[in-house]
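The values are calculated or read from the model by the stated rules, or taken from the named source; none is laboratory data. What you see is a predicted model; the values in this text were computed from it and never measured. Positions of Cβ are backbone-derived with ideal geometry, glycine not excepted, and every protein chain shown enters the neighbour counts.
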Amino acid sequence: MAEALRTVEQINAYLKEKNIFPESAGLITEDLRAVKESAEGFVNQIYRIRGSNGFSVVMKQVLDTPLSRTDSLESGEPDAHLHDWTLDPGRMRNEISVLIFWNGIYPGICPEIYLFDEENGVIVMEDLTDLSLLRFDFARMKEYPALGSTLGCFLARNLFYSSSLHLTRYRYDKLVKFFDNPEYRALAPFLFEECTIVSPHRTMPEATMPTRMTVINDAAVQKEIVRLKDTFLTQPECLIHTDLHASNIMVDAERIKIIDTEFAGFGPIAQDFGRLTASFCLDFFSWYGDDGEHSAAEKAGYQSYLLTTVNAIYSHFDAEFRALCEQNKKDDYNLKRLDLEKFLQVHFKDALSYTALNTASRIGDRGICYDLERLPVAERVYPQLLILTFCREVLSGAKTFSRIEEFTAYLAGLANDHPRESFS
């Protein structure tokens with residue numbers, strides 16, 4: 001791969017050479033990594049370039065070595081966790097292909113691509129910087145009524161159109177091979193080996209340790225996590241994002257865009273449900289901490305919105321997926337023999353297990369979510385304790401659910417069942 005385009009002059013010259021902008025255009029280039037609310041990237045270089053002709057783009061350059069590792073080495077204090085982390089340049093090819101595929105099955109769900117330069121590791125795409133990262137809008141108590149229906153319908157179409165339920169065996173095998181991505185497994189160590197409820201080595205406040213150790217030492221919990229790992233690594237059900245959390249979704253009043261698909265590959269749809277639902281859970285629990293800005297009534301109201309949106313994601317998925325199966329059943333042998341009720345129940349149970357695991361993966365150091373990070377350290381403890389309790393009860397099977405409304409009602413009542421003083 002060519003050297004990184006690091007200077008404004010290099011970037012501007014490159015984009016004019018590739019005819020993204022005319023030679024006469026004046027350009028303003030901004031490093032989005034320097035703007036916290038524009039990018040949460042730890043991996044790529046990413047810039048916004050605005051032309052005097054009114055056109056603007058975002059340029060991402062995928063590097064052999066993640067920027068987080070480069071920054072760690074250049075700081076003189078290298079992070080031991082990052083010492084051997086490298087990236088396969090083929091991830092860029094995969095990322096572009098995924099965006100195009102998903103725009104094909106759900107038009108507008110991903111940014112438009114203007115240039116794909118594999119040799120230089122460069123992607124030039126639609127400028128979405130006027131949109132917000134959903135993660136930060138969670139912290140602002142912003143509400144988006146179409147969020148649940150859009151994401152639910154997208155997940156249904158993705159499962160249907162990229163799985164063997166719809167594709168012939170030949171076409172399915174070709175798609176799996178085409179989207180084979182070495183980076184698909186990159187999240188596996190974070191989820192299944194180094195997660196806060198698997199290993200005690202991730203740093204969390206000392207006050208959480210007694211509860212945390214009960215989860216780590218719970219044999220039923222650990223058995224379920226082993227099962228989830230096996231599913232993640234061995235069941236290429238459909239094309240999944242793998243890292244579909246609130247920092248990889250951009251929104252405004254009219255648009256919802258899924259971004260950063262470099263870890264995408266074939267796996268269980270339940271992981272995408274789990275990663276996405278975990279984002280809502282993390283924000284939901286964070287409001288039990290005191291951010292010093294919002295009243296109890298405001299926080300309760302926003303928590304209600306979050307759970308209502310989770311209900312909408314699952315209900316719209318269910319309705320859309322059932323409709324797709326019914327519309328195509330006449331001419332599809334796989335659909336004719338499908339036990340749809342059993343299929344959906346198995347996926348629902350797995351989605352909630354992956355939700356618990358993914359939620360736990362974002363509450364310790366090395367990846368703590370912004371929802372908790374924005375709180376004073378002391379105010380993170382109670383939300384973290386509730387999350388640990390939720391994870392243990394769901395993953396151990398102590399709490400089971402047959403409908404999404406039962407699950408969200410459980411979340412809504414968890415703080416009443418486990419008040420702050422009960423952890424003293």
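Among the residues of the stretch 260-268, are any in a helix (DSSP H, G or I) and surrounded by 24 or more Cβ atoms within 10 Å (Cβ to Cβ)? Among the residues of the stretch 260-268, not one is in a helix (DSSP H, G or I) and surrounded by 24 or more Cβ atoms within 10 Å (Cβ to Cβ), which makes the answer no.
For the stretch 220-230, indicate whether the set of residues that are in the same structural domain as T389 (by TED's automatic domain parsing) and in contact with a Pro (Cβ under 9 Å, 6 or more places away or on another chain) is non-empty. I'd like the intermediate steps shown before the answer.
Kept after step one, since they are in the same structural domain as T389 (by TED's automatic domain parsing), are these residues of the stretch 220-230: 220-230.
Pick out the ones that are also in contact with a Pro (Cβ under 9 Å, 6 or more places away or on another chain) and you get 228.
Within the stretch 220-230, one or more residues are in the same structural domain as T389 (by TED's automatic domain parsing) and in contact with a Pro (Cβ under 9 Å, 6 or more places away or on another chain).
A296 meets all of the listed conditions (1) without any contact (Cβ under 8 Å) to a residue 60 or more places away in the chain; (2) within 30 Å of P182 (Cβ to Cβ) but one, namely (2). The residues of the stretch 223-254 that are part of a loop (DSSP other than H, G, I, E, B) and over 21 Å from Y302 (Cα atoms), listed by number, are Q235, P236, E237, H241, T242, D243, L244.
Yes/no per residue for (1) in contact (Cβ under 8 Å) with a residue 40 or more places away in the chain; (2) more than 20 Å from D243 (Cβ to Cβ); (3) out of contact with any Phe, Trp or Tyr (no Cβ under 7 Å at 6 or more places or on another chain); (4) in the same structural domain as D371 (by TED's automatic domain parsing):
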position	(1), (2), (3), (4)
N103	no, no, yes, no
L159	yes, no, no, yes
P182	yes, no, yes, yes
L187	yes, no, no, yes
E193	no, no, yes, yes
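Taking the stretch 258-303 as the range and being over 23 Å from the mean Cα position of the chain (by Cα) and of a type in the set (A, V, I, L, M, F, W, C) as the test, the residues that pass are A296, A297, A300. Looking across L165, L134, one residue alone is aliphatic (A, V, I, L, M), over 25 Å from A356 (Cβ atoms) and in contact (Cβ under 8 Å) with a residue 40 or more places away in the chain. It is L165. Has the stretch 220-243 got at least one residue that is of a type in the set (K, R) and farther than 17 Å from L352 by Cα? Scanning the stretch 220-243 turns up no residue that is of a type in the set (K, R) and farther than 17 Å from L352 by Cα.
Being in a helix (DSSP H, G or I) and surrounded by 21 or more Cβ atoms within 10 Å (Cβ to Cβ), is that true of even one residue in the stretch 171-182?
Taking the stretch 171-182 as the starting set, the residues that turn out to be in a helix (DSSP H, G or I) are 171-178, 182.
From what's left, surrounded by 21 or more Cβ atoms within 10 Å (Cβ to Cβ): none.
Scanning the stretch 171-182 turns up no residue that is in a helix (DSSP H, G or I) and surrounded by 21 or more Cβ atoms within 10 Å (Cβ to Cβ).
With respect to the stated conditions, A146 fails to be touching a helix residue (DSSP H, G or I) at 6+ places or on another chain (Cβ under 6 Å) and of a type in the set (A, V, I, L, M, F, W, C).
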